[in-house]
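Undergrad: Quick one: the structure is below, and I'll ask about it shortly.
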Amino acid sequence: MKTNALTRRAKMMFSRLDYFAQFGGGMVLRPYQVAPLETIVRSIRGGYGWTIVIIFPRQSGKDEFLTQLSMWLMSLYAHRDVGIVIANPTYKPQTINAIMRLENRLDTNVLTRKRWKKRSDYIRRIGQAKTYFLSGDAQANVVGATASLALIVNEAQDIGQLKYDKDFSPMAASTNATRIVCGTVWTSDTLLARELRAAKRAQEEDGIRRVFVYDAGDVGAVHPPYEKFVNGEIARLGRQHPLIRTQYFNEEIDAQVGMFSAGRRALMVGDRPGQDEPEAGRLYAFLVDVAGQDEAMLDLEGMGNPGRDSTTLDVVEIDLSTLELLQAPTYRVVKRTSWIGVSHLTIFGALKSLADAWGPQHIVIDATGVGEGLWSMLDHAYPTRVTPVKFTQQMKSEIGWKFLAVIETGRFRDCAPIDEVRVQYDHAQSEILPGPAKTLRWGVKDGTRDTSTGLLVHDDFILADSLVAVLDGMEWKASIEPGVSEPISPLPEMSRIKPVIKNEILRKMSRIR
């Protein structure tokens, strides 16, 4: 009788993925995680070879679902020589993390802990059923695996379409295996976006649901802590920030687009006039973008080339009044200065004079290439106050994303607008490079000319502005108004202490005697 009860319980756990996860491993799956299962099982059992697209917002349990699914399928088909292929964009860390997660869950589920085996570095099996973990990196060699049961493509927005079509899709050919394409929305030209469009067309034709898309609202409805987290991210980055739109609300963005839209430019409008001199009681910082000195050599006839790059200075007021609400300051550009055709030694003298007048708490400077010399001189003059930034592709990308967050939350205000700055922002473009790094390449393209003047357009003022992203990473505390209190005389206290000390001395002397 007891054996029959255990058998019935085991059959129940094998009958449904949510039972398998909960009663076998103590993992409770949420309704949206279970929703795609009926279509997946129907496709696998019928050999229909459907492509099923699953889109969850970031950190909402997609990888956990895929792990439980592969465990469950291997357990169901342990008696057959079948293969599941799981592709991730990179080997390190994504593929390795997926393998480690699977091993952990296999060890904690009572139905699998004594049944699973490691066949090689990238293969795990239960009985005859195997799961292959492969990298979707463009350079990875993935020939040889067969997805006879299912092909699972995880983070498909970061896997190249050519890589999928050439290397992965054929793995499902011999059995017309089911394909499960998963990820988080990114740009409109990704593999995920392509497969989503195709699955929607197929779904409309036959009425069989193949698309399962859930956003932060769906997750938050069943898991309130997630809603609280996303609301915090919106407060930090802004609802229209590309990462918020894509990672949490499934809103595709263009891979190439003007970086500073009309909406963003409206958020950047100054809320008070600029300044020629500092105001007492206000906190300031300097942001400096440095031109190459070979570009800035003075013309012998005194005719500076207005198309040459310039060294630019933003004087930024740091407003700490938004710390309590937004957990970060607001930055106002109150003065702009630039130098064209001037040596770095002369610029240093000018910057030092301005720094002595304005007393900036921080000086953030582009120290890339020839900028090192100017940084070194400033650092020697103002030790502990100068922060160098060396632009690499990755550093510029990070600064670009953070600058957009400052703008989207209304914390960057241009109170010293000039036509040159407006032209630079008009011509600034951005491009999101393919791959999991989410690299943002941005700025004014070389050779760009202003259509109204014919002059070359640079982005030196924009780069100086963007250095507020570095300020935003610093620790800020709201200032406390100094108070004045009456001094307390120590004499009354001393008069009370002295007898105590005298008695203690007399007591110790009596012991010595």
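Undergrad: Identify, please: which residue in region 175-234 is in contact (Cβ under 8 Å) with a residue 40 or more places away in the chain and among the acidic types (Asp, Glu) and is, among those, surrounded by the fewest Cβ atoms within 10 Å (Cβ to Cβ)?
TA: So, considering only residues that are in contact (Cβ under 8 Å) with a residue 40 or more places away in the chain and among the acidic types (Asp, Glu), the one surrounded by the fewest Cβ atoms within 10 Å (Cβ to Cβ) is 189.
Undergrad: Something else: Does residue 40 meet the test of being closer than 22 Å to residue 167 by Cβ and hydrophobic (A, V, I, L, M, F, W, C)? Before you say what the answer is, go through the steps one by one.
TA: Details: closer than 22 Å to residue 167 by Cβ: no; hydrophobic (A, V, I, L, M, F, W, C): yes.
For residue 40, the condition - closer than 22 Å to residue 167 by Cβ and hydrophobic (A, V, I, L, M, F, W, C) - is not met.
Undergrad: Looking at residue 189, is it within 21 Å of residue 48 (Cα to Cα) and either more than 26 Å from the chain's Cα centre (by Cα) or at pLDDT below 95 (or both)? Break it down into steps so the answer makes sense when it comes.
TA: Working: within 21 Å of residue 48 (Cα to Cα): no; either more than 26 Å from the chain's Cα centre (by Cα) or at pLDDT below 95 (or both): yes.
Here the answer is no, as residue 189 does not meet what is asked.
Undergrad: Let me spell it out: the conditions are (1) of a type in the set (Val, Ile, Thr); (2) touching a residue at least 60 places away in the same chain (Cβ under 8 Å); (3) over 25 Å from residue 186 (Cα atoms), and residue 40 meets all of them except one. Which number is the exception?
TA: Going through (1) of a type in the set (Val, Ile, Thr); (2) touching a residue at least 60 places away in the same chain (Cβ under 8 Å); (3) over 25 Å from residue 186 (Cα atoms) one by one, residue 40 breaks only (3).
Undergrad: Oh, and also: With 48, 91 as the choices, which residue is in contact (Cβ under 8 Å) with a residue 40 or more places away in the chain, loosely packed, with under 15 Cβ neighbours inside 10 Å and more than 25 Å from residue 221 (Cβ to Cβ)? Break it down into steps so the answer makes sense when it comes.
TA: Details: 91 fails: loosely packed, with under 15 Cβ neighbours inside 10 Å.
Criteria check complete, one pass: 48.
Undergrad: Being farther than 12 Å from residue 286 by Cβ and touching a residue at least 40 places away in the same chain (Cβ under 8 Å) is the filter here; which residues of region 376-390 pass it?
TA: Matches in region 376-390: 389 only.
Undergrad: Please specify each residue of region 220-261 satisfying the condition of being touching a helix residue (DSSP H, G or I) at 6+ places or on another chain (Cβ under 7 Å) and among the hydrophobic types (A, V, I, L, M, F, W, C).
TA: Of everything in region 220-261, those that are touching a helix residue (DSSP H, G or I) at 6+ places or on another chain (Cβ under 7 Å) and among the hydrophobic types (A, V, I, L, M, F, W, C) turn out to be 222, 230, 234, 235, 237, 243, 244, 249, 253, 260.
Undergrad: Then there is this: Among 25, 61, which is at pLDDT 90 or above, in the same structural domain as residue 185 (by TED's automatic domain parsing), within 22 Å of residue 103 (Cβ to Cβ) and over 28 Å from the mean Cα position of the chain (by Cα)? Explain how you work it out, then say what you get.
TA: Details: 61 fails: over 28 Å from the mean Cα position of the chain (by Cα).
Criteria check complete, one pass: 25.
Undergrad: Can I ask one more? Have a look at 214, 164, 122, 132 and point out the one that is farther than 25 Å from residue 39 by Cα, of a type in the set (Phe, Trp, Tyr) and out of contact with any Pro (no Cβ under 6 Å at 6 or more places or on another chain).
TA: Values: 214 fails: farther than 25 Å from residue 39 by Cα; 164 fails: farther than 25 Å from residue 39 by Cα; 132 fails: farther than 25 Å from residue 39 by Cα.
The match here is 122.
Undergrad: Could I ask something else about it? From (1) assigned to a loop (DSSP other than H, G, I, E, B); (2) more than 17 Å from residue 43 (Cα to Cα); (3) among the β-branched types (Val, Ile, Thr), pick out the condition that doesn't hold for residue 208.
TA: It fails just one condition, (2).
Undergrad: Restrict the check to region 258-267 and report whether at least one residue is modelled with pLDDT under 90 and in a strand (DSSP E or B).
TA: So in region 258-267, the residues modelled with pLDDT under 90 come out as 258.
The next check asks that each one be in a strand (DSSP E or B); those that pass are 258.
Checked against the condition, which is being modelled with pLDDT under 90 and in a strand (DSSP E or B), region 258-267 yields at least one hit.
Undergrad: Follow-up. Among the numbered criteria (1) loosely packed, with under 14 Cβ neighbours inside 10 Å; (2) under 20 Å from residue 472 (Cα atoms), which single criterion is violated by residue 349?
TA: Condition (2) is where residue 349 drops out.
The values are calculated or read from the model by the stated rules, or taken from the named source; none is laboratory data. Everything numeric in this text was worked out from a predicted model, so none of it was measured. In this analysis, Cβ positions are derived from the backbone assuming ideal geometry, glycine residues included, and neighbour counts consider all displayed protein chains.
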